[in-house]
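The values are calculated or read from the model by the stated rules, or taken from the named source; none is laboratory data. As the structure is a computational prediction, the values presented were derived from the model and not from experiment. Using ideal geometry, Cβ is built from the backbone for each residue, glycine included, and neighbour counts are taken over all protein chains shown. With ligands, DNA and RNA removed, areas are computed over all heavy atoms of the protein, side chains included. Shrake-Rupley method; radii C 1.70, N 1.55, O 1.52, S 1.80 Å.
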There are 4 protein chains.
Amino acid sequence: MATPIGVGVIGTGFMGAAHAQSFLTVPHIFETALTPRLVAVADINKPAAEAAARRFGFGRATGDWKDVVADPAVELVSITVPNALHADIALAALKAGKHVYCEKPLAATAEAAEAMAAAADKSPVKTLVGYNYMRSPGIVYARDLIAQGVIGEPIYWRGVCDEDYMADADTPFSWRCRRDTAGFGALGDLASHLVSVARMLMGPIARVVADQKIVISERPLPGGGEAAEKRSGEVKLDRTRPAQRVENEDTAHALLQFASGVMGSFVTSRAHWGRKAHLGLEVFGRKGSILFDHERMNELQLFTKDGIDGATNGFRNILIGPEHPSYGRFSPARGHGLGFNDLKIIEIAHLLQGIAGREALYPTIPDALRIERILHAVVRSAETGAWVDTNDL
Amino acid sequence: MATPIGVGVIGTGFMGAAHAQSFLTVPHIFETALTPRLVAVADINKPAAEAAARRFGFGRATGDWKDVVADPAVELVSITVPNALHADIALAALKAGKHVYCEKPLAATAEAAEAMAAAADKSPVKTLVGYNYMRSPGIVYARDLIAQGVIGEPIYWRGVCDEDYMADADTPFSWRCRRDTAGFGALGDLASHLVSVARMLMGPIARVVADQKIVISERPLPGGGEAAEKRSGEVKLDRTRPAQRVENEDTAHALLQFASGVMGSFVTSRAHWGRKAHLGLEVFGRKGSILFDHERMNELQLFTKDGIDGATNGFRNILIGPEHPSYGRFSPARGHGLGFNDLKIIEIAHLLQGIAGREALYPTIPDALRIERILHAVVRSAETGAWVDTNDL
Amino acid sequence: MATPIGVGVIGTGFMGAAHAQSFLTVPHIFETALTPRLVAVADINKPAAEAAARRFGFGRATGDWKDVVADPAVELVSITVPNALHADIALAALKAGKHVYCEKPLAATAEAAEAMAAAADKSPVKTLVGYNYMRSPGIVYARDLIAQGVIGEPIYWRGVCDEDYMADADTPFSWRCRRDTAGFGALGDLASHLVSVARMLMGPIARVVADQKIVISERPLPGGGEAAEKRSGEVKLDRTRPAQRVENEDTAHALLQFASGVMGSFVTSRAHWGRKAHLGLEVFGRKGSILFDHERMNELQLFTKDGIDGATNGFRNILIGPEHPSYGRFSPARGHGLGFNDLKIIEIAHLLQGIAGREALYPTIPDALRIERILHAVVRSAETGAWVDTNDL
Amino acid sequence: MATPIGVGVIGTGFMGAAHAQSFLTVPHIFETALTPRLVAVADINKPAAEAAARRFGFGRATGDWKDVVADPAVELVSITVPNALHADIALAALKAGKHVYCEKPLAATAEAAEAMAAAADKSPVKTLVGYNYMRSPGIVYARDLIAQGVIGEPIYWRGVCDEDYMADADTPFSWRCRRDTAGFGALGDLASHLVSVARMLMGPIARVVADQKIVISERPLPGGGEAAEKRSGEVKLDRTRPAQRVENEDTAHALLQFASGVMGSFVTSRAHWGRKAHLGLEVFGRKGSILFDHERMNELQLFTKDGIDGATNGFRNILIGPEHPSYGRFSPARGHGLGFNDLKIIEIAHLLQGIAGREALYPTIPDALRIERILHAVVRSAETGAWVDTNDL
């Protein structure tokens, strides 16, 4: 019989809801050693916390995240608030001896991220950072194929992470556009996923040279004030107030040298029209190639030079199914398809098994720091124009 | 606050688990008027029922479905067992005044299906049949586009539903291959979805001419006996026993005349290699066209002749998002993607709202009868070689 | 050194130009035994013939096709005029002992087609009918794969041939809409290709049941008169004259039974928006599947169950290259791509080799009759509602 | 009536044959002011020259290119031999007052390329360099769409040019692997096309930072000696001789800054398995996006934010047709498709019109120098690790 674990969730936006709902669903999909109990939920907007409590059945709601961290019934703290707030909450939770499950990226500054990792290193509790694309069955399967030598020794990695949620110059200014609240722009929101996956597939990244740009230099304020961010739907603008200067990059790109000596590169933008969740990966090896795009997350393309008559060879489109990692938990039939929310369920199953000591958690807060050091190196290179060592080693 | 409703689930296979898990998840995704309580679960294999009870938190487990129907705490009965058993259970549940949620197709014979519909017509309770692809956001959106006249008056409908789960001659004989347990072959398992969607998009089907075939005429028995069906994975065969004769169609196809006068056609097979969940739809209208394939269920292709410069016109690939039906409940961000299990959640939300009187349920058991009469007409036409009226009116 | 052969081309439209130009190009791509000399060109519109003569270097131009047939220097007659005129010209040419290269379909009526075949059967000269998709490297390679057993014994064939050149109700009336000039509508223009390829891949078709429809029942006359047909570009309409009744089918579909017992089906329309040259083929076999679409004529998709680990299996997208039929004549590098005009060059190389006795020509006029009898059977079935024997045996 | 122009072709490999055949075909497709006469062909392997003369009808064949340049009947010299030989021939031809049509890249060294450009600048004759992808209708149409503002001001350009012709470690050593004969590796063979197109779509490139790699460091010699290169088919290896060290890059990538300030990047490799002619382009603008891949050269994907209801918006797949540049010369019907060889025909039509003074030729040898300076800057950056000015201004 599964042991209960008390969970507190901080934040009730897209990711807060995703966490709450996935905590509830996980035990019906996976047979985890721990069963989450939703103890408390916090949101600075207290009515939002109360609504979430009603919707998901949290024991109580609060307007102050410190209540959650202090609650003795809370053993695990989920952090889903804007990036700049992660560090304070995580440090407090670690200090209070709570396991920490934090959304990516770690923090708005390198210093805060370093502090989180140092605290986690010293703490006996478990941590996990929400790089959920690392759980996507197609991506995990790509890792397995590479590890098994199916495409031979890798020789090139290419990543693209493009969305268009900030492509419209009329998309209003929000916390995502500020260094003090978000830190990075597209690098933190999008490229962080790319880099997490690159390291998983290819090993550490040693050096980068990079460039970045703020494409849309200023944005109007929303009618409801700066807080009212929305990824979709109609947003009223307040044209009576001056447009705000955007402080972080819309677009960035980098050339990489992996520690193995392999070459790689990535491009990311939050302003590339028509792309919605285009996390595209290409890995070329001495014997084959792998292609993946999250917009078709239930497919993986594989080319292998060996074992197939050349005239009939081509990229084969593998539909993800129960033969591949995690999928069989959701469906016994190939081609039926998983969705984005299922990735969060897989991630939380891993978290619960990790806390129970059944699996080695990855990426922990210190692991995530190594991922994010690469992003900081990208920014430094964009500023200096030179190749920069990542210290990701 | 939502009112509880007691649920009993009969069957614990793929669909039984999908029902149980979706009943638990629905309230966290939708704000339904009713909240399911899992009262009882039945499986002829009682340990399987007990395992499901533990996994999903059912109040009790039983080896006899009659216990579930008789349980006063059960207000809604979910039927997920093989097709031939649907009618007895549904009739008993209706007689006992329970709402009925039954997997498709209704029954192994036309007579049993007619009896179910007659009983449902006389009963005050609510019924819903599990044609879950009718909830797929892309398909519902296609219906909306057609209804709004975006592609003009429809002039042709084409459906394909191909899988390969019986393509291998070594896939063992199972209840799916028998008329007395399954009734139809690919027509019931696959084409039933096509027909349900065709009617939803295009209105009633008046006449069909059709053909069908058993492609693999006999199959070995599985090592573990006939019951041990599996869609995927390794299955041991028992070559010491004689191969069994397959009794129902692997492949069928039909030309259709809709009541509107529009032409249509479909092909279905459970033996078409490489197809996993290829529910493909094409609708051509006087002003545009729509294409859909469940293997890429988060996309819809649309061509419209008007409003776009001809030289730049082409099918546009719409990534499904919160702008489209139901998706926004799961994610605020387009392109993230839903999965198959999400369709079941949408269906059960509809069921709960229907029982609460907030939505008109579709397809009820009588509605499903009209869908399935078309399949019976297909079989009659395949036997007689003539156009057959469907009585779907 | 290649022997010269005198060529006369009748008709100077799209196909007339394609013939002339391909005759000139063939010797530089293929090493054919015969080298065409362009002797004479005819068009009822004599200035058009004269322009073609200048453009392609024909020895002379005439407004009367009989001049071409009668010219002793003409050894081979190319017929590219509207369908209803094929028979008279072909019969005259055969009578005059000229080899005949005729565009498809043979004629506007079954009777005329039968007469052409009877004359060809009695004549010592060679004939070829322009079913050029049968030369497409991807399609020929599909045939080879089937013949080699790569997908096992075929169990289903599906064809679609959709275009949208008549989808717009404002596309004017033309000879294509009349029975006396065109005979068939989409069946002759489009489905004839499907049937030619179906027979090539799968063998003779024994029986059909079918339906057809005139979707757009009347069309305006063009400003320049009925003759001024154009597939693309702006056409002025003459709204002062009454719209004309369309006499032949926009859309048709059929279920097939091949002589082998295998099932098949096709759909064709000239009114399906967004489709430009969508000649789509699917062949399913006991061990694999093949997919092809002319809109991506340089690709072929293949699934084979054997020899590939199931988890990594999927349709593989074969880029056509020098490993495949005819392609190497045009380019040594795979993926560079052939175009539509190259198919005509391949066809004419075959014609020249056939006349020289180096290859067995296919489809001859009698072969084409067998192809087209299937189309006539489709029409009879659409009229009677019953399965019809094709006499394609 | 078109004026004749005497042509001499030097080299009889893939490109030599493509030139000869296209010279012959051009007048039947385009109405050019000049009509090529094939006067002379040279190949160091004289029997190859003689075979080409027979096949294409050249007036004479020679083993010495100087004969061609010296021939008074030759007015235009086509240079299709390995890169290192271009400069000597081009300089001689320019000196002799012949128009020069030279394959890309200009030369094996920057110095030789500079010398060619200087000579061309001083000469009254016309020059054109064979960057034939710049004639691809889809690419030219992309340029037009950008110029018309359809996607708004460009903000990012991404290029990929991957093939796999050197991916196999057993593909033998050839002149392509040597600095003295080929100069660049993938940069010259593949990325040169990318850069030519990038400049055409986006304007000059001001700065680059780059990296490159020899992935397969040594290769066996072919059985028939170093000269016997083949892109496809079986090649015997001579394992008795030592493997040769490869001298130029298999893979290279770069970040770009266009003179306009826009960011861009490219990756190229001749060792990426499964890619055959993957010249992929992406252009993102403030109002839309364009995607292109030569492996599907008859398609272009376009996203525009304006004028289409957001819920129905997505990348639209434009099938290339007569509405787009040059296509209508080949076919009146969209979707039929052009092939690679048609691009050479379009290029030569441009060449002939340019020599006749009817069109401004692009890229001339001096234009090509500017393209190739970017490649040389890439190499310098790969050596120094720093951003390098291209002098492409």
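For the set D:Met134, D:Met15, solvent exposure ranked by accessible area (probe 1.4 Å, protein chains only) runs largest to smallest as D:Met15, D:Met134.
Take segment D:240-393 with all the other protein chains still there, run a 1.4 Å probe, and you get 28 Å² of accessible area per residue.
For chain B, what does the alpha-carbon gyration tensor say about shape, rounded, prolate or oblate, given a ≥ b ≥ c as the root eigenvalues, a/c under 1.5 as rounded, and a/b over b/c as prolate? Numbers along the way, then the final one.
Working: a/c = 1.55, a/b = 1.17, b/c = 1.33.
Cα axes put chain B in the oblate bin.
Scanning chain C for the beta carbon that comes closest to the axis linking it by rotation to A yields C:Arg316, 2, distance in whole angstrom. Of all aspartates and glutamates in the structure, those lying under 15 Å Cα to Cα from B:Lys66, and not within fewer than 8 positions of it along the same chain, are B:Asp43, B:Glu75, B:Asp88.
Quick check for segment D:133-389: number of Lys pairs with alpha-carbon distance under 30 Å, counting only pairs 8 or more apart or on different chains?
For segment D:133-389, qualifying lysine pairs total 8.
Of the GluC sites (Glu not before Pro) found in segment C:315-391, the ones in coil according to DSSP and having at most 15 other Cβ atoms within 10 Å of their Cβ are C:Glu359. Interface burial in segment B:354-393, defined as at least 50 Å² less accessible area with all protein chains than with the chain alone at a 1.4 Å probe, covers B:Trp387. With a simple spin-label model that places each label point 7 Å from the Cα along the Cα-to-Cβ direction, the separation between A:Asp144 and D:Val125 comes to 6.3 nm.
The calculated FRET efficiency for the pair D:Thr35 and D:Arg245, based on their C-beta separation and a Förster distance of 51 Å, comes to about 0.60.
Surface burial for B against C, with a 1.4 Å probe and both sides summed, reaches about 3500 Å² of accessible area. Going by Cα centres, segment A:264-329 and segment B:240-299 are how many Å apart? Segment A:264-329 and segment B:240-299 have Cα centres spaced 27 Å from each other.
Which of the residues in segment C:10-59 show a loss of at least 50 Å² in accessible area from their chain by itself to the complete set of protein chains, at a probe of 1.4 Å? So the qualifying set is C:Phe14, C:His28, C:Arg55.
Averaged over the residues of A:207-213, the number of partner chain Cβ atoms lying within 10 Å of the residue Cβ comes to 4. With label points defined 7 Å past Cα in the direction of Cβ, position A:Lys236 shows copy-to-copy spacings of 5.4, 7.0, 8.3 nm, given to one decimal and shortest first. Each other copy holds its own label point for B:Asp170; taking that point as 7 Å from Cα along Cα to Cβ, the gaps run 2.9, 6.1, 6.1 nm, nearest first. Each Lys and Arg adds +1 at its Cβ and each Asp and Glu adds -1 at its Cβ; summed about the Cα centre, the protein assembly as shown shows a dipole of about 0 debye.
Summing Lys and Arg as +1 and Asp and Glu as -1 over all other residues whose Cβ lies under 10 Å from the Cβ of A:Glu31 gives a net charge of +3. Annotation for A:Asp64, label-to-label distances across the other copies: 5.9, 9.9, 10.8 nm (shortest first, one decimal, point 7 Å from Cα along Cα→Cβ). Rounded to the nearest 0.05, the FRET efficiency derived from the C-beta distance between D:Thr3 and C:Ala70 at R0 = 35 Å is 0.50.
For segment D:140-199, trypsin sites (Lys or Arg not before Pro) are listed when DSSP marks them as loop and at most 14 other Cβ atoms sit within 10 Å of their Cβ; the list is D:Arg179. For the protein assembly as shown, the fraction of 1.4 Å probe accessible surface lying on carbon and sulfur atoms is 50 percent. Of the trypsin sites (Lys or Arg not before Pro) found in segment B:292-393, those that fall in a DSSP loop while having at most 14 other beta-carbon atoms within 10 Å are B:Arg358. Averaged over the residues of D:295-302, the number of partner chain Cβ atoms lying within 10 Å of the residue Cβ comes to 6.
In the context of the full set of protein chains, segment C:3-131 has a per residue accessible area of 36 Å² (1.4 Å probe).
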